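To start, the structure itself, in structure tokens.
The values are calculated or read from the model by the stated rules, or taken from the named source; none is laboratory data. Not measured: the values here are computed from a predicted model. Cβ atoms come from the backbone with ideal geometry, glycine included; neighbour counts cover every protein chain shown. Please note that ligands, DNA and RNA were not included when accessible areas were found on the heavy atoms of the full protein model with its side chains. Shrake-Rupley method; radii C 1.70, N 1.55, O 1.52, S 1.80 Å.
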Amino acid sequence: MYDNKKIAVIIAAAGSGNRMGSGIPKQYLEILGKPVLTRTVEAFSENAFIDEIYIVASRDYEEYCRKEYAGKECYGKVKRIVCGGAERQDSVFAALSVIPAAVDYVLVHDGARPFVTGAVIDALVESTVKHGAAAAAVPVKDTVKSAENGAFTETPDRSRLYSIQTPQGFERKLLLAAYGKAFAENFYGTDDAVLVEKMGEKVYLVK
């Protein structure tokens, strides 16, 4: 809890991880004997500001996650394992739909990002409660260009560009409204922040 506000996190772990080519979704691969997803869950379980955790898993791994994380004392913040949908947006919404109204703010984090630090979570929570919407990001280090018809057309100033990561945090009611608008317009975004931006709301940067 932060400033008397109840905070939940959705850990999106329903992806197939096809780009890894490992045959096993990357969130279930092990790092030094511990699954990536376990390290992710632990990062949020150990954070004092996080009250509840909702893990979204694919149908193939739903039972595994239930046995591994649900009902265990060390993962007491894990409230529910949710079966994901066809796309990431469907999966996150499935979890968002079961989070109780008593929760004020919702963070969304990718299960395959296990090295999120407590400091980043703290900063994200603080900015989310202050502004209503925030997202973690890192400055772009490479030169980025726009292209059309096989030729470069523009070189944006990279000092103004950021690679967006997770966690991202939102007022629960705002995120629900953003998802409702997106689905009504049949719009699928690459992250949750873009759905909120389409509502005309600002999403604030957390480095």
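Observations
- Exposure ranking of Val106, Val98 by accessible area [1.4 Å probe, largest first]: Val98, Val106
- Surface calculation, 1.4 Å probe, protein heavy atoms: Leu161 sits at approximately 50 Å² accessible.
- Beta bridge orientation in region 1-95: antiparallel %, DSSP, nearest 5: 20 percent
- Largest first, the residues Arg39, Arg59 sort by 1.4 Å accessible area into Arg59, Arg39.
- Spin-label pair Ala48/Arg66, simplified geometry with 7 Å Cα→Cβ offset, distance in nm: 3.6 nm
- Highest GNM mean-square fluctuation among Ala48, Ala135, Ala14, for the chain modelled with Cα contacts below 10 Å: Ala48.
- For the residues Ile31, Ile121, Ile81, a GNM of the chain with alpha-carbon springs under 10 Å puts the largest fluctuation on Ile31.
- Note that the chain presents 53 Å² accessible area per residue, ligands and nucleic acids not counted, probe 1.4 Å.
- Sum of side-chain charges, Lys77 neighbourhood, beta-carbon under 10 Å (Lys, Arg +1; Asp, Glu -1): -2
- With each label modelled as a point 7 angstrom along the Cα→C-beta vector, the Asp3-Thr190 pair spans 3.0 nm.
- Percent carbon-and-sulfur accessible area, region 33-81, ignoring ligands, DNA and RNA, probe 1.4 Å: 43 percent
- Placing His109, His131 in order of accessible area, with the largest value first and a 1.4 Å probe, yields His131, His109.
- Of all lysines in the structure, the ones whose alpha carbon falls short of 16 Å from that of Lys130, not counting any fewer than 8 places away in one chain, are Lys5, Lys6, Lys173, Lys202, Lys207.
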